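Before any comments, here is the structure.
Here, each number is a calculation from the coordinates, and none is a lab measurement. As the structure is a prediction and not an experimental result, all values here were calculated from the model. We place every Cβ from the backbone using ideal geometry, glycine too, and count neighbours over all the protein chains shown.
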Number of protein chains: 2
Amino acid sequence: MTSRIVQFVGGTSGEWAVTHSATICGDPLAAVTAIAVNETPAAAPQSWSLRGAISNLRYTNASERSALQARQAGLGRAQAQCAALIPITKSAAWWALAQDERLAIYSRSQHTQVGMEYLPAIERRLHHSRDLDEPFDFLTWFEFAEADSAAFDHLLVRLRASEEWQYVTREVDIRLRRC
Amino acid sequence: MTSRIVQFVGGTSGEWAVTHSATICGDPLAAVTAIAVNETPAAAPQSWSLRGAISNLRYTNASERSALQARQAGLGRAQAQCAALIPITKSAAWWALAQDERLAIYSRSQHTQVGMEYLPAIERRLHHSRDLDEPFDFLTWFEFAEADSAAFDHLLVRLRASEEWQYVTREVDIRLRRC
């Protein structure tokens with residue numbers, strides 16, 4: 001069985017060099033100079049190690065999935081020399097909501113639509129961490145070309161201004177460049 | 001942080017004695033005579049060890065949640081001397097569906113409504129295993145009094161006849177009695 005779990009190891013070595021890091025809210029993560037992305041968790045953690053599972057869709061409906069698939073180019077493109085790792089935790093109030101209540105907030109926040117506007121320039125992979133007893137609920141990984149860095153910043157401004165982000169209690173924004 | 005992960009250890013010792021076990025579909029699990037339920041995973045596995053996380057609601061809406069909460073009595077009742085551990089795996093086709101497609105099948109199958117009819121006699125706790133790289137996708141734990149055993153069998157017959165169960169590719173049904 002292929003592992004669904006991806007490990008992000010922060011330290012002094014790895015295929016991605018840290019160019020900038022900021023704590024958006026909540027507790028910071030220890031500063032590191034590089035991140036290794038291991039599809040199969042094995043390496044000993046250097047400074048920290050965060051794990052998340054590639055999982056099924058939780059809010060995306062069938063028509064949104066089709067629209068996303070039509071625009072996605074996938075990770076690992078040669079021109080995508082920039083990346084971001086954004087670990088996020090949401091509040092207990094968020095997780096206590098029923099599925100329809102969370103979906104309504106997610107939809108009003110236009111999370112899928114906003115992200116779709118930036119495809120395929122800004123590619124994204126979501127990793128679910130909460131059920132793994134991890135310190136964050138989600139680890140989102142983005143890849144994009146240097147020329148699209150300003151667009152990526154704009155995407156984040158829009159998401160962080162949304163109703164959904166009122167439930168975010170911890171967020172760290174780590175920017176990277178391929179070594 | 002409290003662990004969300006519960007470990008079910010099958011072997012020759014534990015607080016629950018196996019009274020009967022059946023493979024409903026897919027590969028069997030090794031036969032064991034007892035199961036230990038460890039809220040904090042620590043014990044070395046005896047024959048096998050299955051883990052699952054207590055997580056947020058995935059399909060239940062707010063009104064269903066209220067109705068469920070009004071009827072639930074919780075686990076650990078003195079009269080609930082019987083239990084069942086039912087590990088289940090669903091097909092790749094199920095997991096490839098978008099959220100609205102899975103919700104539609106779940107709703108048409110009346111999964112929540114059928115389960116609710118048997119509350120509080122048949123108490124249930126769902127554990128999510130798929131994102132933990134476990135062999136099963138779900139571990140459902142039920143507790144009920146001896147007198148409600150026939151009702152429990154009836155509940156399972158109804159669920160297994162549902163559209164949702166057409167996506168179940170592996171299911172083992174282990175019946176237990178408190179030692």
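Side notes on the structure shown:
- Residues with amide H under 5 Å from that of B:L57, placed H, sequence gap 5 or more: none
- B:S63-A:R178 FRET efficiency (beta carbon distance; Förster radius 41 Å; 0.05 resolution): 0.25
- If R0 is 45 Å, the Cβ-Cβ spacing of B:R77 and B:D133 corresponds to a FRET efficiency of close to 0.85.
- Phi-based couplings in Hz for the range B:123-137 (Karplus 6.51, -1.76, 1.60; Gly and Pro marked x): 8, 9, 9, 9, 10, 8, 10, 4, 6, 8, 6, 8, x, 10, 8
- Selection from A:A36, A:Q69, A:F8, by position along the positive dipole direction of chain A (Cβ): A:Q69
- Per-pair calculated FRET efficiency, R0 = 41 Å: A:W48 and B:A17 via Cβ, rounded to 0.05: 0.45
- Taken along the Cα-to-beta-carbon direction at a fixed 7 Å, the label points for A:D27 and A:A147 span 4.2 nm.
- Gyration tensor (alpha-carbon) shape descriptor, the range A:11-128, a/c threshold 1.5: oblate
- Taking amide H as placed 1.01 Å from N in the peptide plane, the amide H of A:S49 sits under 5 Å from that of A:G10, each at least 5 places away or on another chain.
- Based on Cα atoms of the range B:78-161, Rg over Rh with Rh as the Kirkwood radius reads 1.00.
- Each Cα pair under 8 Å and six or more residues apart adds its separation to the average, and for chain B the resulting relative contact order is 34 percent.
- Ranked for footprinting exposure by Cβ neighbours inside 10 Å, fewest first, A:R58, A:R175 give A:R58, A:R175.
- As a proxy for reagent exposure, ranking A:I86, A:I54 by other Cβ atoms within 10 Å from fewest up yields A:I54, A:I86.
- Prolate/oblate/rounded label for the range A:43-97 (Cα gyration tensor, a/c 1.5): oblate
- Summed residue charge, Cβ within 15 Å of B:H128's Cβ, Lys/Arg positive, Asp/Glu negative: +3
- Taken as Cα centroids, the range A:82-147 and the range B:132-179 sit 33 Å apart, rounded to the nearest whole angstrom.
- Gyration tensor verdict on the protein assembly as shown (Cα atoms; rounded if a/c is under 1.5, prolate if a/b is larger than b/c, oblate otherwise): prolate
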